[in-house]
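Novice: Just passing along the structure, written as structure tokens.
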Amino acid sequence: MSRRMSPHRRPLRRNLGISAGLATVALALAACSGGGSGSAGARPKDALRLAISSEMPTLDPQTVYQYEGNQVLTAVYEGLLSYSSDSTDEIVPMLAKSYKLSDDGLTYTFALRDDVTFAGGRAMTSADVKASFERLAAAGVESQMAYMVAGVAKYQTPDEHTFVVRLKAPSSSFLSLVASPFGPKVIDSTVLEENKADNALEYLKTHTAGTGPYQLGSMTAGQEYDLTRRDDYWGEEPSFATVTVKVISDVATQLLQLEGGDLDIVTGQPVATLQQFAKDGDYQVQQFPTLQKANLHVKTSGTLSDMKLREALRDSIDRKTLVSQVWGDYAKVSGQMYPAGMVADGTATDTWQTATGNLATLAQGKTITLGYIAGRTADQQASEALQAQWTDAGATVELVAVQGNDIYGLSGSLDTAPDLLFETAYPDSAHPDTWARLFWYSDLTKGNGALNYLAGGTPAADRYIDRGAAATDETVAEKAYGAAGDAIHNDISYITLADIDDAFIMSKDLTGAGHWLPLSVTLDLRTLKRS
Amino acid sequence: MTGFARQFGIRLASMAGVLPVLTFVVEEIQRQLPSDPARVLAGRTASPQALAAARERLGLDEPLITHYVGYLGRLLSGDLGTSVSTRRPVADDIATYLPATLELVLVAALLALVGGLLLGVVGARDGLTGGLVRVVSVAGASAASFLLAIVLLLVFYRDLGWFPAGGRGDTADGPTGMTLLDSLLHGDPGGFLDAVRHVVLPAVVLALGPAVAIGRVLRASLREVMAADFVRSARAKGAGWWLTVWRHGLRNAAGPALSMAGLQVSIMFGGSVVVESLFSWPGLGRYLSTAIAASDLAAITGVVLVLGVAYVLLNFLVDTLQLLIDPRLRESE
């Protein structure tokens with residue numbers, strides 16, 4: 001494995017009075033070293049260094065279901081369609097040049113590009129696409145994204161560059177899932193065939209076999225992924241010859257490495273840090289809209305079974321102050337039940353006139369519990385701010401820290417669940433079904449409402465959601481999802497608070513950053529350049 | 001060696017007793033938590049069928065005792081279950097991350113022992129130097145590892161550029177997974193120095209607290225021994241302070257310090273969680289913190305087991321060392 005040479009070093013700034021012996025040893029080590037340390041000089045022209053805060057369990061694009069893994073995977077793998085990298089909800093062609101939908105809403109015919117090759121040089125055909133889609137649903141793969149193709153009846157490959165998907169029933173969200181950053185990615189079918197004994201799970205943990213502009217050069221478990229630019233990429237050649245993605249869990253350490261010149265981009269930083277770096281001439285803070293939304297799940301049984309109390313609680317929330325306190329300029333006050341831009345303006349609205357009203361009277365003698373996910377600093381901060389607002393309005397509110405994955409068990413033990421749960425959530429695509437079905441669906445028996453932690457929602461809203469999903473007419477679908485949002489708003493089993501932006505601190509010489517609306521903490525490496 | 005054999009037997013028995021209790025407690029905690037590991041494994045959008053399959057695979061539909069007995073059986077064959085967050089066998093994960101933690105803890109332990117020895121011996125002496133060392137000890141003991149790490153990073157990484165901010169550097173391919181050792185085995189001095197540069201800051205942070213603790217115990221013990229009649233006699237015969245410490249003091253005062261060292265090194269494994277996170281050290285501590293955040297109970301249980309074994313083994317090692325150093329203990333056995 002090659003050892004990277006150290007970039008420019010900063011001269012000693014001050015005499016720190018450290019003992020001469022220690023200094024000699026340390027300087028000798030530094031002089032003999034190859035790794036970069038604390039350099040704030042010129043950054044390498046054709047190399048990009050970024051950080052992610054957690055290690056990827058595997059490089060398999062069909063089993064990684066987390067935001068940060070996509071920083072590597074979106075550079076290596078591609079799907080048939082994609083969301084536009086200008087952070088809008090526009091769906092654009094990728095490996096498919098175009099698509100057609102049959103009149104009955106059941107058959108999608110994708111015309112594939114004929115100039116796509118996998119890393120290694122083999123040309124992509126419809127057989128690769130079919131094998132990749134089928135693998136997503138394979139029982140042995142246990143993909144968490146398998147639901148995206150659960151409604152598929154069959155696949156056909158009439159020729160090398162045509163791929164046909166026949167659905168069991170019309171699905172207005174199917175195309176958005178194909179374009180989703182978490183959606184089906186195309187993998188070299190020869191790799192899948194050669195490793196079919198375990199569905200290539202083991203191989204794809206540490207190897208890549210995609211069509212993207214980069215391929216994996218090397219990786220060190222738990223430390224970093226080194227990507228190298230492909231010479232035979234079908235699209236425009238990206239600017240950076242190499243991209244290093246480092247695993248650094250501590251945000252303060254990330255920041256130090258940015259300042260030291262060992263990183264070019266960091267994200268996930270606290271608002272105060274963003275504000276500080278926005279004023280620093282050596283850096284820029286770039287902000288992008290996302291589908292991340294801060295919400296309150298409301299338990300409509302127990303203490304909050306009284307609709308008037310739920311309404312008084314909601315009305316006493318001053319969202320403008322809350323957003324300012326917690327997210328500063330990096331979020332907007334929510335105006336709709338769905339993430340911003342998911343449904344038409346003016347539909348599924350979630351607005352109220354802030355007023356403490358009779359909350360004190362209605363909440364008298366009651367203790368309301370507000371849960372938040374432990375370890376999420378912003379969530380805790382927002383919960384504390386809400387607690388303060390409600391306390392000022394005369395209610396008694398206690399905070400409860402819920403361990404990360406324990407939230408999945410709340411709907412099964414509602415008696416002990418908190419009355420409210422603060423959560424920052426995101427859908428898999430910009431289609432309203434990927435939000436409403438997961439968070440609001442009240443009938444939990446059919447696998448819907450997986451994230452309806454406090455069992456909210458109403459049967460009427462369920463029917464609207466189903467109607468929207470089955471609609472072949474876009475207007476009908478929009479109307480149905482709008483009505484579902486209104487039903488949940490009126491039931492007050494869900495309160496929306498803020499639409500949260502993504503923010504990246506970058507060295508000032510970087511330009512052309514692209515960002516996908518449904519994918520936080522990830523940038524499009526195809527367009528990024530150093531000026 | 002009768003005493004040694006007896007001691008070995010006691011430690012083995014204690015290990016055999018401690019580990020099942022540990023695993024049972026962790027299993028019971030898993031049952032009591034409201035989390036659903038099956039949901040974590042199958043995903044937030046999993047169908048009821050996929051959820052049921054995941055539940056069966058994890059053995060969550062079995063009664064506690066059945067599940068626990070099955071777990072112990074699998075444990076004996078080296079199967080620690082599957083991590084729901086990495087989706088890999090926990091044994092494989094531990095094999096991947098343990099060498100990094102072992103390397104860090106071993107280097108930190110070495111630093112702590114040397115530092116503790118210096119602090120203890122110099123601090124035991126009356127006068128300005130001894131007083132200064134005592135002040136430094138108190139200051140060191142009160143420094144939070146997080147704060148110390150940040151200060152070291154600011155000074156030695158950002159400002160001076162002497163050491164990297166994190167990671168282990170370029171790791172050599174086997175055989176131990178410990179970069180320092182592997183680079184030596186591969187005859188790669190450049191790789192060795194690179195590994196040293198990467199391990200220095202995290203090891204210093206991890207070692208400081210234990211070094212101070214060991215030093216304080218050694219100092220107290222040494223001062224007591226140095227006031228004993230046989231030492232005063234030795235000094236009256238003209239032996240210098242340092243020579244007396246070396247010949248008589250350390251040997252007789254080392255017992256409590258060794259006990260403290262064993263305890264502190266055991267604690268280092270726990271302390272590595274914070275240090276590994278701050279220095280992006282890809283070890284078991286960071287794996288554990290990720291597992292806790294994800295309620296990954298199989299991974300947590302696996303790590304707890306490893307730490308339990310390490311604790312028992314370390315204590316065994318310390319007891320054995322004490323037997324070797326102090327003949328009075330051998331006689332009492």
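Novice: Quick check: Cα centre of the range B:101-132 to Cα centre of the range A:451-509, how many Å?
Specialist: Centre-to-centre (Cα) distance: 60 Å.
Novice: A:Asp329 to A:Lys45: extension gain in nm, 0.36 nm per residue of separation minus the Cα-Cα distance? Show your work: numbers first, answer last.
Specialist: Working: separation 284, 0.36 × 284 = 102.24 nm, distance 3.17 nm.
Value of the extension gain: 99.1 nm.
Novice: Additional query: Could you state how much accessible area is buried at the A-B interface, both sides summed, with a 1.4 Å probe, in Å² to the nearest 100?
Specialist: Details: alone 22840 and 17470 Å², together 35250 Å².
Chain pair A/B: roughly 5100 Å² of buried accessible area.
Novice: Give the relative contact order (percent, whole number) for chain B; include only Cα pairs under 8 Å separated by 6+ residues.
Specialist: On the way: 398 pairs, mean separation 85.4, N = 333.
Across chain B, relative contact order equals 26 percent.
Novice: Keeping every protein chain present and rolling a 1.4 Å probe, give me the accessible area per residue for the range B:85-330 in Å². Write down the numbers at each step before the final one.
Specialist: Working: 10120 Å² over 246 residues.
Per-residue value: 41 Å².
Novice: What FRET efficiency, computed as 1/(1 + (r/R0)^6) with R0 = 25 Å and r the Cβ-Cβ distance, is obtained for A:Asn490 and A:Lys446, rounded to the nearest 0.05?
Specialist: Numbers: r = 24 Å, r/R0 = 0.95.
After rounding to 0.05, the efficiency reads 0.60.
Novice: Separate question: Could you work out the pair-distance distribution P(r) of the range B:253-333 from its alpha-carbon pairs, with 5 angstrom bin width and percents rounded to whole numbers?
Specialist: Reading the bins upward from 0: 3, 15, 19, 18, 14, 10, 8, 6, 5, 2, 0.
Novice: Considering only DSSP beta bridges with both partners in the protein assembly as shown, what is the antiparallel share in %, to the nearest 5?
Specialist: Numbers: 59 of 76 bridges.
The antiparallel proportion sits near 80 percent.
Novice: How high is the relative contact order of chain A, in percent, counting Cα pairs under 8 Å that sit 6 or more residues apart?
Specialist: On the way: 1127 pairs, mean separation 102.3, N = 531.
Dividing the mean separation by the residue count of chain A yields 19 percent.
Novice: Kindly state, to the nearest 0.05, the FRET efficiency for B:Val151 paired with A:Tyr65, given R0 = 51 Å and r defined as their beta-carbon distance. Let's see the in-between values first.
Specialist: Details: r = 38 Å, r/R0 = 0.75.
About 0.85, to the nearest 0.05.
Novice: Given 10 Å bins starting at zero, what is the percent of C-alpha pairs of the range A:430-531 in each, up to the one with the largest pair distance?
Specialist: P(r) for the range A:430-531, in whole percents per bin: 14, 34, 23, 17, 11, 1.
Novice: Provide, as a two-decimal number, the C-alpha radius of gyration of the range B:102-142 over 2.2 N^0.38 Å, N being how many residues it has.
Specialist: On the way: Rg = 11.9 Å, N = 41, 2.2 N^0.38 = 9.0 Å.
Rg over 2.2 N^0.38 Å, computed on Cα atoms: 1.32.
Novice: What is the range A:443-503 by shape, rounded, prolate or oblate, if you read a ≥ b ≥ c off the alpha carbon gyration tensor as root eigenvalues and call it rounded for a/c under 1.5, prolate for a/b larger than b/c, and oblate otherwise?
Specialist: Details: a/c = 1.60, a/b = 1.15, b/c = 1.39.
Since a/c reaches 1.5 but b/c is at least a/b, the shape of the range A:443-503 is classed as oblate.
Novice: If you don't mind, there's one more thing I want to ask. Suppose R0 equals 41 Å; then what is the FRET efficiency for B:Leu243 and B:Val21 from their Cβ-Cβ distance, rounded to the nearest 0.05?
Specialist: Numbers: r = 48 Å, r/R0 = 1.18.
That gives a FRET efficiency of 0.25.
Novice: Could you look at chain B and say what percent of its accessible area is carbon and sulfur, using a 1.4 Å probe and all protein chains? The partial results should precede the final answer.
Specialist: Values: 10240 of 14940 Å².
Carbon and sulfur together cover 69 percent of it.
Novice: Okay, next question. Per residue, how many Å² of accessible area does the range A:388-495 show with a 1.4 Å probe? Walk me through the numbers before you get to the answer.
Specialist: On the way: 3920 Å² over 108 residues.
Normalised by residue count, the accessible surface of the range A:388-495 is 36 Å².
Novice: If you don't mind, another one. Which residues of the range A:216-237 show a drop of at least 10 Å² in accessible area when all protein chains are present, compared with their chain alone (probe radius 1.4 Å, heavy atoms only, ligands and nucleic acids excluded)?
Specialist: A:Thr220, A:Ala221, A:Gly222, A:Gln223
Novice: Two decimals is fine: what is log10 I(q)/I(0) at q = 0.09, 0.16, 0.20 Å⁻¹ for the range A:50-198, from a Debye sum with one equal scatterer on every Cα and no solvent?
Specialist: Here the Debye-derived log intensity ratios amount to -0.27, -0.89, -1.42.
Novice: Given q = 0.13, 0.23, 0.25 Å⁻¹, what are the Debye log10 I(q)/I(0) values for the range B:171-230, with equal point scatterers placed on the Cα positions and solvent ignored?
Specialist: Debye intensities relative to I(0), on a log10 scale: -0.55, -0.86, -0.93.
Novice: Report which residues of the range B:142-158 become buried by 20 Å² or more of accessible surface when going from the isolated chain to the complete set of protein chains (1.4 Å probe; DNA, RNA and ligands ignored).
Specialist: At a threshold of 20 Å² (probe 1.4 Å), the residues of the range B:142-158 that become less exposed are B:Ile150, B:Leu153, B:Val155, B:Phe156, B:Tyr157, B:Arg158.
Novice: May I ask you to evaluate 6.51 cos²θ - 1.76 cosθ + 1.60, the Karplus curve with θ = phi - 60°, for each residue of the range A:324-333 and list the ³J(HN,Hα) values in order in whole Hz, giving x for glycine and proline?
Specialist: 4, 5, 9, 10, x, 8, 9, 7, 10, 5
Novice: Using the Cα atoms as the points, what is the convex hull volume per residue of chain B in Å³? List each step's numbers first, then the result.
Specialist: Details: hull volume 60.9 nm³, N = 333.
So the per-residue Cα hull volume is 183 Å³.
Novice: Could you work out the mean count of beta carbons from other protein chains within 10 Å of each residue's beta carbon in A:404-414?
Specialist: Values: counts 8, 16, 5, 6, 11, 8, 3, 1, 3, 1, 0.
Per residue, the average neighbour count from other chains is 6.
Novice: For the charge dipole of the range B:182-233, defined by +1 on Lys and Arg C-beta atoms and -1 on Asp and Glu C-beta atoms about the Cα centroid, which residue among B:Phe192, B:Met226, B:Val205 has the Cα displaced farthest towards the positive pole?
Specialist: It is B:Met226.
Novice: Viscosity 0.890 mPa s, temperature 25 °C: what is the translational diffusion coefficient of the range B:124-183 from Stokes-Einstein with a Kirkwood Rh over Cα pairs, rounded to a whole number of µm²/s? Don't skip to the answer; put the middle values down first.
Specialist: Values: Rh = 14.8 Å.
Answer from the Stokes-Einstein relation: 166 µm²/s.
Novice: Here's a follow-up. With a 1.4 Å probe and all protein chains left in place, how much of the accessible area of the range A:35-127 comes from carbon and sulfur atoms, in whole percent? Could you put the intermediate results ahead of the total?
Specialist: Details: 1560 of 3140 Å².
With neighbouring chains kept in place, the figure for the range A:35-127 is 50 percent.
Novice: Now for a different question. Roughly how crowded by other chains is peptide B:277-288, in terms of the mean Cβ count from those chains within 10 Å of each of its Cβ atoms?
Specialist: Details: counts 5, 6, 4, 13, 3, 8, 1, 0, 0, 6, 2, 0.
Whole-number average of other-chain Cβ neighbours for B:277-288 is 4.
Novice: Right, next: In chain A, once you exclude exposed trypsin sites (Lys or Arg not before Pro) (DSSP loop, at most 13 other Cβ within 10 angstrom), what's the longest stretch remaining? Mind showing how you got there, number by number?
Specialist: On the way: sites that count: A:Arg13, A:Arg14, A:Lys45, A:Lys168, A:Lys279, A:Lys508.
The segment A:280-507 is the longest one with no such site.
Novice: How long is the range B:152-289 along each principal axis, judged by its Cα atoms, biggest number first, in Å?
Specialist: In descending order, the Cα extents are 56, 35, 34 Å.
Novice: Please list the non-local residues whose amide H lies under 5 Å from the amide H of B:Thr82, H modeled 1.01 Å from N, same-chain partners needing a gap of 5 or more.
Specialist: It is B:Val90, by chain and number.
Novice: For the protein assembly as shown, just list the percent of Cα-Cα distances falling in each 10 Å bin from zero outward, please.
Specialist: Each 10 Å bin holds this share of Cα pairs: 2, 11, 19, 23, 20, 13, 7, 3, 1, 0, 0.
The values are calculated or read from the model by the stated rules, or taken from the named source; none is laboratory data. Everything numeric in this text was worked out from a predicted model, so none of it was measured. Cβ: placed from backbone, ideal geometry, glycine included. Neighbour counts: every protein chain shown. These area figures cover heavy atoms from the full protein model, side chains too; ligands, DNA and RNA do not enter into them. Shrake-Rupley method; radii C 1.70, N 1.55, O 1.52, S 1.80 Å.
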